[in-house]
Amino acid sequence: MSRSIDQRLASLTWAAMLAVALPAGATDLTLAQKLDLLVSAYPGSLVGHENGAIRFRDGRLLPVDDGKAKDHAEKLAAGDIEDSLSQLYPAGPCETKPDVNVDPGRIRSDALMMRLYGKTAKEVEASLVPVDWFGKVLRVTKRQGAAAALENVRDELKAMPEMKAFLAPSAGTFNWRKVSGASNMSVHSFGAAIDINTQYADYWIWSGGKPGKVAEYRNKYPMKIVDAFERHGFIWGGRWYHYDTMHFEYRPELIALGKAARVSACR
Ligand SMILES: [Zn+2]
């Protein structure tokens, strides 16, 4: 299968980011190191960080820290950039059982996401492109290389025909909405998330969970699928205490951060 220029560019950007030099054996990243990785994960929009703010290509700044002390529920409801980088995401082809309130990636800065992808449904929709997903067309944002990264995931998974039943039909990509039962925006709003075949899904709310008190973790998807997504910059909702196993979202900064901090799903 021939890969598009966008797909090749997504792979190259990704490889360059993972090659960012960090001290050997680093486990505790400073906020500045985390922000370096955040900036390199979104080269189309971000150019740097200075004095507690990240700088966008158009010169605008966005503060990293709102200065408020928050518990986990408050971080989920209204995370700032610092909060969104506070839990390390462990990637790798192994299953993890997340500890209470360990939800790496579930904390997000809506302000950042809106600047990366669009602040209204209409603005996001203007950047959606068709992605063929096992015979059906999905709409995914081309911003930040997300659509091309998803095509790279698809091409890898197509080589494993036994995975198709878990992947298709997709339960959806773009959908402008809040996280179910919450006040923050779902990454589906930005066209940068995909739900795979819901038939194999486990979801903390369906299992009768309450925020901070979730029934036993379950997963029915093969880890080869998770591994393919993660290697192209997507995080998996199956690594969250508040688990959502059909859900993947494009968060290359978190994959890079976990690698830099040497955390892994396979110990
Ligand atoms: Zn989802």
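The values are calculated or read from the model by the stated rules, or taken from the named source; none is laboratory data. What you are looking at is a predicted structure, and each value in this text was computed from that prediction instead of being measured. Quick reminder, even Gly has a Cβ in these numbers, built from the backbone with ideal geometry, and neighbours come from all protein chains shown.
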Y217 crowded, with 19+ Cβ neighbours inside 10 Å and either part of a loop (DSSP other than H, G, I, E, B) or touching a helix residue (DSSP H, G or I) at 6+ places or on another chain (Cβ under 9 Å) (or both): no
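More than 21 Å from D99 (Cβ to Cβ), modelled with pLDDT of 95 or more, away from the ligand (no atom under 12 Å from the Cβ) and surrounded by fewer than 22 Cβ atoms within 10 Å (Cβ to Cβ): does that describe A149? Even if it seems obvious, please write down each step before you answer.
On the way: more than 21 Å from D99 (Cβ to Cβ): yes; modelled with pLDDT of 95 or more: yes; away from the ligand (no atom under 12 Å from the Cβ): yes; surrounded by fewer than 22 Cβ atoms within 10 Å (Cβ to Cβ): no.
Here the answer is no, as A149 does not meet what is asked.
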Extreme residue, farthest from A147 (Cα to Cα), among residues of the range 178-198 that are in contact with a helix residue (DSSP H, G or I) (Cβ under 6 Å, 6 or more places away or on another chain) and within 11 Å of the ligand (Cβ to nearest atom): I196
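Considering only residues that are of a type in the set (A, V, I, L, M) and either within 16 Å of the ligand (Cβ to nearest atom) or part of a strand (DSSP E or B) (or both), which ones fall in the range 221-234?
Step one: filter the range 221-234 for residues of a type in the set (A, V, I, L, M), giving 223, 225-226, 228.
Those that are of a type in the set (A, V, I, L, M) and either within 16 Å of the ligand (Cβ to nearest atom) or part of a strand (DSSP E or B) (or both): I225, V226.
Tell me the residue from L88, L35 that is closer than 21 Å to A192 by Cα, in contact with a His (Cβ under 6 Å, 6 or more places away or on another chain) and of a type in the set (A, V, I, L, M), please. It would help to see each step written out before you state the result.
Numbers: L88 fails: in contact with a His (Cβ under 6 Å, 6 or more places away or on another chain).
Residue meeting the stated conditions: L35.
Per-residue answers, yes or no, for (1) over 27 Å from A16 (Cβ atoms); (2) out of contact with any His (no Cβ under 6 Å at 6 or more places or on another chain):
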site	(1), (2)
Y117	no, yes
K122	yes, yes
A126	yes, yes
V137	yes, yes
V140	no, yes
G145	no, yes
A149	no, no
V153	no, no
L157	no, yes
Near pairs, Cβ below 6 angstrom, 6+ apart or cross-chain, from the range 253-264 (under 12 Å from F234 (Cα atoms)) to any residue that is part of a loop (DSSP other than H, G, I, E, B): L254/Y89; L254/G105; I255/G233
Tally of residues being surrounded by 14 or more Cβ atoms within 10 Å (Cβ to Cβ) and farther than 25 Å from F174 by Cα across the range 190-210: 1
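Which of the residues that make up the range 235-267 are part of a helix (DSSP H, G or I) and more than 14 Å from the ligand (Cβ to nearest atom)? Step through it out loud before you land on a result.
Within the range 235-267, the subset part of a helix (DSSP H, G or I) is 237-239, 252-260.
The answer is P252, E253, L254, I255, A256, L257, G258, K259, A260.
How many residues are of a type in the set (A, V, I, L, M, F, W, C) and assigned to a helix (DSSP H, G or I) if we restrict to the range 166-210?
First, pick out the residues of the range 166-210 that are of a type in the set (A, V, I, L, M, F, W, C): 166-168, 171, 174, 176, 179, 182, 185, 187, 190, 192-194, 196, 201, 204-206.
Those still in the list that are assigned to a helix (DSSP H, G or I) too: 166-167, 187, 190.
Final tally of qualifying residues: 4.
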A165 vs. criteria loosely packed, with under 15 Cβ neighbours inside 10 Å, of a type in the set (A, V, I, L, M) and without any contact (Cβ under 8 Å) to a residue 40 or more places away in the chain: yes
Candidate set: the range 167-177, residues that are under 17 Å from the mean Cα position of the chain (by Cα) and farther than 13 Å from F248 by Cβ; chosen: the one nearest to the ligand (Cβ to nearest atom): N175
